[in-house]
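Below: one structure, written as structure tokens.
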Number of protein chains: 4
Amino acid sequence: MKVGLIGFGKAGKAVANVILQNPDFSLEWVLRNSTLLDHHSVSEFLGIESEDPACIHSLKNMGVDELFDQFPVDIIIDFSSTETIHMYGSAAAERKIKIISAISHYEEKEKKLLKKLSEKTTVFWSPNITLGVNYLLFASSMLKNIAPEVDIEVIEEHFKTKQGISGTAVKIAETLDLEKESINSIRAGGIVGKHEVIFGFPYQTVRLVHESISREAFGNGALFAAQHLINKSTGFYNFEDILRPYFTIQ
Amino acid sequence: MKVGLIGFGKAGKAVANVILQNPDFSLEWVLRNSTLLDHHSVSEFLGIESEDPACIHSLKNMGVDELFDQFPVDIIIDFSSTETIHMYGSAAAERKIKIISAISHYEEKEKKLLKKLSEKTTVFWSPNITLGVNYLLFASSMLKNIAPEVDIEVIEEHFKTKQGISGTAVKIAETLDLEKESINSIRAGGIVGKHEVIFGFPYQTVRLVHESISREAFGNGALFAAQHLINKSTGFYNFEDILRPYFTIQ
Amino acid sequence: MKVGLIGFGKAGKAVANVILQNPDFSLEWVLRNSTLLDHHSVSEFLGIESEDPACIHSLKNMGVDELFDQFPVDIIIDFSSTETIHMYGSAAAERKIKIISAISHYEEKEKKLLKKLSEKTTVFWSPNITLGVNYLLFASSMLKNIAPEVDIEVIEEHFKTKQGISGTAVKIAETLDLEKESINSIRAGGIVGKHEVIFGFPYQTVRLVHESISREAFGNGALFAAQHLINKSTGFYNFEDILRPYFTIQ
Amino acid sequence: MKVGLIGFGKAGKAVANVILQNPDFSLEWVLRNSTLLDHHSVSEFLGIESEDPACIHSLKNMGVDELFDQFPVDIIIDFSSTETIHMYGSAAAERKIKIISAISHYEEKEKKLLKKLSEKTTVFWSPNITLGVNYLLFASSMLKNIAPEVDIEVIEEHFKTKQGISGTAVKIAETLDLEKESINSIRAGGIVGKHEVIFGFPYQTVRLVHESISREAFGNGALFAAQHLINKSTGFYNFEDILRPYFTIQ
């Protein structure tokens, strides 16, 4: 499966790292805004042995139509920023290239665009694209279904300089219908990222805990999504849609 | 719903405690082997205010047929010992009294009897009847389905004097198809009971943790089962059967 | 060592339980306000085999001078309420009976009285008398000494109905000079009591965690204090004073 | 304070990273075996802005006497391999350069050499040089002093491919006089490194937990040692020696 990656910040680099090492996917190119590293080899830059042809292109030197035609891909993985979808969305949809977007903060405008694109191609969007966090969301709402009266609290721990409540914790609270007060935010040192959902029963406690080790987890999540989109037809999907079959037991 | 409880050891007492305080269930009697406390009021003995008529009877002074006829119940909850089912099983099944057994170590003989009884009445058996542990089993196998390659390890912590690997940990290992070596048993001080399933991914970790606070959790688990058996017809059920609908999402 | 216990609420009962089972201490009597259970045997009431003579007396039927003279003790352990010290303090101090008070919320008036009594006898006061919590306080301030710049956060977890921030968490925050905002209070189900101090360094994290299992921990703490007061002369002591020698390495 | 670093493997690079960013220390050079990267700038290679003059030298192209004379340092930090001390030890000791070695597995031969060198200069050796782990060792033995009867268990968690029991866990067990059976080793996914010491009391549990985030923690530990060696005279020191004063309370 041929993959194109958009965005080459910290997350983008980690995702490239994972794709290059996965034999089921071939990274064809990385597209970024900056002209820095233009035409460099991705594997060389990251110091990884790989036969994937991946080369870095800058949006400033190469149009998306040209790129998509010269170096065709089956799927685009977007770890860039909110606006980029406007630049490549239609060109990708016309060519039936599947789109996986991991952008956290789309506005209404972008969400509408995604919906429109999903009429022509397969579109997947997940603001937190790790498998673990999405499993946590799913498994937590199951337990709340089973025991609607249980007390639920969330602890999220991150590095000292992280501003605001974590987006993942907010998403957990929304999913479980919790008040903001139920989120407890710890900021200390260099903690990469930990989310804990506590279910307090009268005589027992259940805890679901997710700990991030590194951004490469985004890469695995994106490829997990890619694998599950292979046979999906035109339409708009999220992480729940691909996890649901695993939770449905015969 | 009228309930009869069989067994009045530590677990039985804790379960009686929970039933007496639940307005949806009325504890009609407690049946035990010992003649100690015969004819005592359960609520008085436990120091709980309750209008449930529950009185203690000894199998030595009162036959089960006589008991079931004089003080009819809808459901029997059995926290006694392996053999007791032979004494009350048929009498209960004939009267269509539903049976919930929480006995840990039935032999083949008892399992066969349960199956036979389940042709006439609703029979439920769970060797670990807490909601939390059964949820843990279910949610853990979901995650293993999603990520069959993930590394899984189990930590179980109990009080110093507990002999052998915990039955719950063994059940977790069986369910997740783990080697015995993947179970790590901690024995220290007065730890009531903790089970942790660790899922190690390359760049993230998911942990499912269950902590017991007290034996009353068995009572809540038994009543959770009872509630879900109300409309169940004749047949043999386990905890998975009553959790499954919660995990099946439309 | 002969011990008298004042107070027979939930904590008092748990403490009596521990003393009765400790061969180094003999529980001589329990003194309480209520006349309920007056003259009952403590070991019988608690269902514990013990040769300690302990019998329950009510302050309403028995004066403290009479009690101290008829049933002399070496040490008094007080788990009653704020005001009780005014009733027995002087009588105890005159007889050189050592006083261990575990009362949480003394006002200035009581603190002054303790100081005054400590001129005549050995007086020990600890608002949280478990060994574990006091160790936590000590070990935490050591780490803060070593690394004054480290980020520190506190998580305290208790049962849903517990009002306000836990007194122990407040004490931890005071000891470590933290803002109130650094305390994160979790209230869920029946959690007995958990305190976690998180030290966040840039590239590592240290956590000190204390979990309560039951109130009997107060009893062990009180007897630990008693053992360390045996050879202490007249004066006013707290838990730090008896832990300090263990932290001083030659 | 002028620092020379020996070794530029994964740990060495992380340590260089930390030194370059610390204004109290100036990294003068890195010495390594390999000729790869010879004469490269360390800050450039690591992509860090720093005014430290640090340049990479190879032992194959530059003798230690020449290096120490041309680019004098106050302290050497050694993250290379067991044998290297034989090459630079005497040359450093003669020049009164302080030596901090973080080599894990010295044989008797190297230990003897260190002792000999410590007659001429200040020598410090710690097989695990993070502050957190050394604090853990210290604080744990304090608690064992206080409560010699307590049950102690160790859990250590590391990435799946880590062979054998972690050296740190072995050191913890030695320090606390535990059997090897008390160490529980978890191997799963990409866990960086976690050590937990569990103290099980009858009615409470204390846990000391250390989690590694990245190898940079070694750098901070080495600089912590360096800071505490500034005023130390000739002699042989370990991490305990520099932590001890913090645990001694007046």
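The values are calculated or read from the model by the stated rules, or taken from the named source; none is laboratory data. All values derive from a computational prediction rather than experimental measurement. Quick reminder, even Gly has a Cβ in these numbers, built from the backbone with ideal geometry, and neighbours come from all protein chains shown. For the accessible areas, the whole protein counts, side chains as well, though only heavy atoms, and no ligand, DNA or RNA atoms are used. Shrake-Rupley method; radii C 1.70, N 1.55, O 1.52, S 1.80 Å.
Numbers for the structure displayed
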{"item": "Qualifying residue in segment B:122-139 (condition: more than 30 Å from residue B:179 (Cβ to Cβ) and out of contact with any strand residue (DSSP E or B) (no Cβ under 7 Å at 6 or more places or on another chain))", "result": "no"}
{"item": "Criterion violated by residue C:157 - all others in (1) among the charged types (D, E, K, R); (2) open to solvent by less than 10 Å² (accessible area, probe 1.4 Å); (3) in contact with a Leu (Cβ under 8 Å, 6 or more places away or on another chain) satisfied", "result": "(3)"}
{"item": "Test set (1) modelled with pLDDT of 95 or more; (2) over 19 Å from the mean Cα position of the chain (by Cα) - residue A:51 fails condition number", "result": "(1)"}
{"item": "Number of the exception - residue A:214 against (1) in contact with a helix residue (DSSP H, G or I) (Cβ under 8 Å, 6 or more places away or on another chain); (2) within 13 Å of chain C (Cβ to nearest Cβ)", "result": "(2)"}
{"item": "Which listed residue is at pLDDT below 95 and within 30 Å of residue D:201 (Cβ to Cβ), from C:128, C:61, C:134", "result": "C:128"}
{"item": "Pairs where the first residue, in segment A:30-49, is farther than 22 Å from residue A:68 by Cβ and the second is open to solvent by 40 Å² or more (accessible area, probe 1.4 Å) and part of a loop (DSSP other than H, G, I, E, B), C-beta under 8 Å, 6+ apart", "result": "A:48/A:21"}
{"item": "Filtered residue count, segment D:196-208, keeping only those that are within 20 Å of residue D:134 (Cα to Cα) and more than 7 Å from chain B (Cβ to nearest Cβ)", "result": "6"}
{"item": "Top-ranked residue of segment A:201-225 - restricted to ones that are open to solvent by less than 20 Å² (accessible area, probe 1.4 Å) and of a type in the set (Val, Ile, Thr), ranked as farthest from residue A:22 (Cα to Cα)", "result": "A:205"}
{"item": "Residue within segment A:130-137 that is surrounded by fewer than 22 Cβ atoms within 10 Å (Cβ to Cβ) and within 25 Å of residue A:220 (Cβ to Cβ) present", "result": "no"}
{"item": "Top-ranked residue in segment A:160-195 [being touching a residue at least 40 places away in the same chain (Cβ under 8 Å) and more than 18 Å from residue D:189 (Cβ to Cβ); ranked as nearest to the other protein chains (Cβ to nearest Cβ)]", "result": "A:168"}
{"item": "Every residue from segment A:45-72 that is touching a Gly at 6+ places or on another chain (Cβ under 9 Å), part of a helix (DSSP H, G or I) and open to solvent by 40 Å² or more (accessible area, probe 1.4 Å)", "result": "none"}
{"item": "Unique match (being open to solvent by 40 Å² or more (accessible area, probe 1.4 Å), closer than 30 Å to residue D:197 by Cα and under 16 Å from the mean Cα position of the chain (by Cα)) among B:180, B:144, B:171", "result": "B:171"}
{"item": "Options A:193, A:189: the member that is open to solvent by less than 20 Å² (accessible area, probe 1.4 Å), small (Gly, Ala, Ser) and out of contact with any Asp or Glu (no Cβ under 6 Å at 6 or more places or on another chain)", "result": "A:193"}
{"item": "Selection within segment C:14-36 - touching a strand residue (DSSP E or B) at 6+ places or on another chain (Cβ under 9 Å) and assigned to a helix (DSSP H, G or I)", "result": "C:15, C:16, C:19, C:20"}
{"item": "Segment C:220-235, residues that are in contact (Cβ under 8 Å) with a residue 60 or more places away in the chain and part of a helix (DSSP H, G or I)", "result": "C:220, C:221, C:222, C:223, C:224, C:225, C:226, C:227, C:229"}
{"item": "Tally, over segment A:75-128, of residues that are of a type in the set (Ser, Thr, Tyr), assigned to a helix (DSSP H, G or I) and either crowded, with 23+ Cβ neighbours inside 10 Å or in contact with a Gly (Cβ under 7 Å, 6 or more places away or on another chain) (or both)", "result": "1"}
